[in-house]
Amino acid sequence: MQGINTLTLDDKQLLFQQDMQIIVQQLGLRNPVQLGAGSYGRVYSAQDIDGSYVAIKVQNVQDYQNQEFAAAGILNQIPCNYFTKTHGEKKLGDRVFLAMEFCNMGGLDVTIKKSLMPRASILMQFLKLFHQQGLVHCDIKPANILLTSTDAGIIPKMCDFGETTNIQNIRNLAQISGTGFFFPPEVLELKSNYDQGIDIWSLGLVLYMLATG
C-alpha cells in the first residue's frame, strides 16, 4: 500500500474513517480521535469501557515490523515509568492495531520549553536501563518523547520503538532508518559498526534544544 503522504485528501479521510470504524466496532473502544499520522502509521486516542483513555497506533500489515511489540516484552521488565507501555497487538484484515499508553499532553516537538529541561533529563535514567537490556532505540527525537500530566507533575515518556534493534544487529548494519537530523556523524557518514552511542547523541541533542529553547 502507498504511504499516506502519497494519498489524496479524500483517500486519507476514507482511511481515517475506516480506522476509527474498526476501533469502535472490532476493538470495542469509544470516541476515537485522530492524533496524528506519519508516512506509514496513524495514531488515535479512544476510550475504554471504564472511561480511561488508550492510544491506538495503526499500520498496514505490509509496512508493519514487529520490533515495537517485541520490544514491549523487554521494556515492561524495566523498573521505571519513562516510556509508553504497549498493552497489546491485533491484526485485523490488512491492518495492525497496537494498543498503547495514552499521554495527555502530546509530543515534546510541539512543547520545546526550557522549563521542561529538568523533567526531560530524567530520560537519561530510562536510556541507561534501556541500554542495559541490550537495545538501541535508533530514532530518539522530540516527536518520540511524549508528555503526560500527573499529580506528581509532568512526566516525559519515550515512545515509538518501531526502529528498535539489539546491539548485535546494529553493529552489522550498513545504514540505519530513522531521522537524519538527530543522527551522530558516524551514521551520516555510513561508517557502520554502530553502537548505543547513537541514542546518547540523539538524546543529548534533544536536551540541548530544550536548554536553548
Residues located in the range 149-168, provided they are out of contact with any Asp or Glu (no Cβ under 8 Å at 6 or more places or on another chain) and either hydroxyl-bearing (Ser, Thr, Tyr) or surrounded by fewer than 19 Cβ atoms within 10 Å (Cβ to Cβ) (or both) | SER149, THR150, ASP151, ALA152, GLY153, ILE154, ILE155, THR165, ASN166, GLN168
So LEU146 clears everything in (1) crowded, with 17+ Cβ neighbours inside 10 Å; (2) out of contact with any Pro (no Cβ under 8 Å at 6 or more places or on another chain) except one condition, right? Which one?
-> (2)
All positions within the range 32-53 that are closer than 17 Å to PHE16 by Cα, modelled with pLDDT of 95 or more and touching a Ser or Thr at 6+ places or on another chain (Cβ under 8 Å) | PRO32, VAL33
So which of PHE181, PHE161 is within 20 Å of LYS57 (Cβ to Cβ) and not assigned by TED's automatic domain parsing to the domain that holds ALA70?
-> PHE161
Go through GLN133, GLN77 for me and flag whichever is more than 19 Å from GLY38 (Cβ to Cβ) and either modelled with pLDDT of 90 or more or in the same structural domain as ILE170 (by TED's automatic domain parsing) (or both).
-> GLN133
Checking GLN47, GLN34, GLN21 in turn, the sole residue that is free of Cβ contacts under 8 Å to residues at least 12 places away in the same chain and surrounded by fewer than 18 Cβ atoms within 10 Å (Cβ to Cβ) turns out to be GLN21
Lone qualifier among VAL43, VAL58, VAL54, VAL24 - being farther than 30 Å from ILE170 by Cβ, within 16 Å of the chain's Cα centre (by Cα) and not assigned by TED's automatic domain parsing to the domain that holds LYS141 | VAL54
Any residue in the range 57-74 that is on the phi > 0 side of the Ramachandran plot, surrounded by 18 or more Cβ atoms within 10 Å (Cβ to Cβ) and touching an Asp or Glu at 6+ places or on another chain (Cβ under 7 Å)?
-> no
Among (1) surrounded by 14 or more Cβ atoms within 10 Å (Cβ to Cβ); (2) at pLDDT 90 or above; (3) closer than 21 Å to ALA211 by Cβ, where does LYS128 come up short?
-> (1)
Just give me the residues in the range 169-188 being modelled with pLDDT of 85 or more and either surrounded by fewer than 15 Cβ atoms within 10 Å (Cβ to Cβ) or out of contact with any strand residue (DSSP E or B) (no Cβ under 8 Å at 6 or more places or on another chain) (or both), in sequence order.
-> ASN169, THR179, GLY180, PHE181, PHE182, PHE183, PRO184, PRO185, GLU186, VAL187, LEU188
Kindly list, by first and then second residue, each pair from a residue in the range 92-104 that is touching a residue at least 60 places away in the same chain (Cβ under 8 Å) to a residue that is loosely packed, with under 14 Cβ neighbours inside 10 Å and assigned to a loop (DSSP other than H, G, I, E, B), limited to pairs with Cβ atoms under 7 Å and residues at least 6 apart or on different chains.
-> LEU92/GLN26
Residue in the range 81-113 that is surrounded by the fewest Cβ atoms within 10 Å (Cβ to Cβ), counting only those that are more than 23 Å from ASN66 (Cα to Cα) and hydrophobic (A, V, I, L, M, F, W, C) = VAL110
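The values are calculated or read from the model by the stated rules, or taken from the named source; none is laboratory data. Just so it is clear, the model here is predicted, and its values are computed rather than measured. For neighbour counting, all protein chains shown are included, and Cβ atoms are generated from backbone atoms with ideal geometry for every residue, glycine included.
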